[in-house]
1. I want to check the label-to-label distance for residue B:78 and residue A:22. Put each point 7 Å from Cα in the C-beta direction and report it in nm to one decimal.
2. Grab the residue from chain B whose Cβ hugs the B-to-A rotation axis most tightly, plus its distance in whole angstrom.
3. Taking the Kirkwood radius as the inverse of the mean 1/r across Cα pairs, report the Rg/Rh of chain A.
4. How far is residue B:42 from itself in the other copies, in nm, if each label sits 7 Å out from Cα along the Cα-Cβ line, shortest first?
5. Find the accessible area per residue for chain B; the probe is 1.4 Å, ligands and nucleic acids are left out, and the unit is Å².
6. Please compute the modelled spin-label separation between residue A:103 and residue A:38, points set 7 Å along Cα→Cβ, answer in nm with one decimal.
7. Please express the Cα-Cα pair-distance distribution P(r) of the protein assembly as shown as a list of whole percents, one per 5 Å bin, running from 0 to the bin with the greatest distance.
8. So which residues in segment B:84-111 end up with at least 50 square angstrom less accessible surface once the other protein chains are there, compared with the chain by itself, probe 1.4 angstrom?
Protein chains: 2
Amino acid sequence: MRIGEAAETTGVSSKRIRYYEQIGLIKQAARTDSGYRDYDASDIHTLDFIKRARELGFSIDETSTLLELWGDQNATSLEVRDLARSHIEAMRDKIRQLQSMVDTLQQLVSDCDGGSRSECPILRDLEHAPARKGATR
Amino acid sequence: MRIGEAAETTGVSSKRIRYYEQIGLIKQAARTDSGYRDYDASDIHTLDFIKRARELGFSIDETSTLLELWGDQNATSLEVRDLARSHIEAMRDKIRQLQSMVDTLQQLVSDCDGGSRSECPILRDLEHAPARKGATR
DNA sequence: CCTTGACCTTCCCATAGTGGGAAGGTGTAG
DNA sequence: CTACACCTTCCCACTATGGGAAGGTCAAGG
């Protein structure tokens, strides 16, 4: 099947498929006589795998590792689990960071009565916040 | 004061300060005779403001708007509040998305006993997940 | 047989922020 | 005068992806 159908089938755009090939995440696609990329069921399976990994937030690098583990008969579940765990931790860190921003900002918004600019607690915070102590990043 | 000291004082790296100037977030810095950028207290105040806005997760574009509102005597607190609110909503969306990934992945990790690769529930999910129905993105 | 339109190809550009580093000028302390 | 820390501009890299141009291919219909 050609790239358009592969894209439609897997939900991975043609652009992305070509990109994944270019960076070596997937192997070079077979070509028809006229130079069109040609995908078989196994390629689709791989693209499905990649799509799912990306949906779970794995980076392309991590996805690449997962693909290797997937194809390696000697690999153990442990390696996959460890990768997943550290990825979970990274996402949890990100969530904490975002949540902290949301909390602070929500407080400021709650304090805001929509009055004159000069009384805006949000601007007052931005102006005077002790940026050098509890920085979020 | 020169850019290095400004960077040290505000916690915004020299690289970033130059970038902010280049994209027009801050005005062109004054220059010494020899061409060095020269910052005064007001510039530092602005950089502090920017730093804090960035810490609260505002994009540079949003930060630019905030700077305008900050400097506009006719602006009202309402405009700032609305910007903050929509930013909060965007961050909450992001959090929900990440949390959903974490939840799914945590479940898979919990099901994983670290045994052989062929029994790895994480790889099984990646292989067989119904990617076309409840996609996270 | 030729045209049309949907597909495909490669190639370059843009995005959002930031860091790294090269090549070269400046300012100051010893 | 030299050494060294600082500054300048300029270009490249990163993460992933989309947009679009210029041109080739294939199938259907006139």
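The values are calculated or read from the model by the stated rules, or taken from the named source; none is laboratory data. Here the structure is a predicted model, which means the values were calculated and not measured. A quick note on method: Cβ atoms are made from the backbone with ideal geometry, for glycine too, and the neighbour counts reach across all protein chains shown. Areas reflect the complete protein model, heavy atoms only, side chains present, ligands, DNA and RNA absent. Shrake-Rupley method; radii C 1.70, N 1.55, O 1.52, S 1.80 Å.
1. Once both label points are built, they end up 4.7 nm from each other.
2. Result for the axis mapping B onto A: B:95, 3.
3. Rounded to two decimals, Rg/Rh equals 1.23.
4. 6.9
5. Ligands and nucleic acids excluded, the figure is 54 Å² per residue.
6. Taking the simple label geometry, residue A:38 and residue A:103 are separated by 5.9 nm.
7. 1, 5, 10, 12, 11, 10, 10, 9, 10, 9, 7, 4, 2, 0, 0
8. By number: B:88, B:91, B:95, B:98, B:101, B:102, B:105, B:109.
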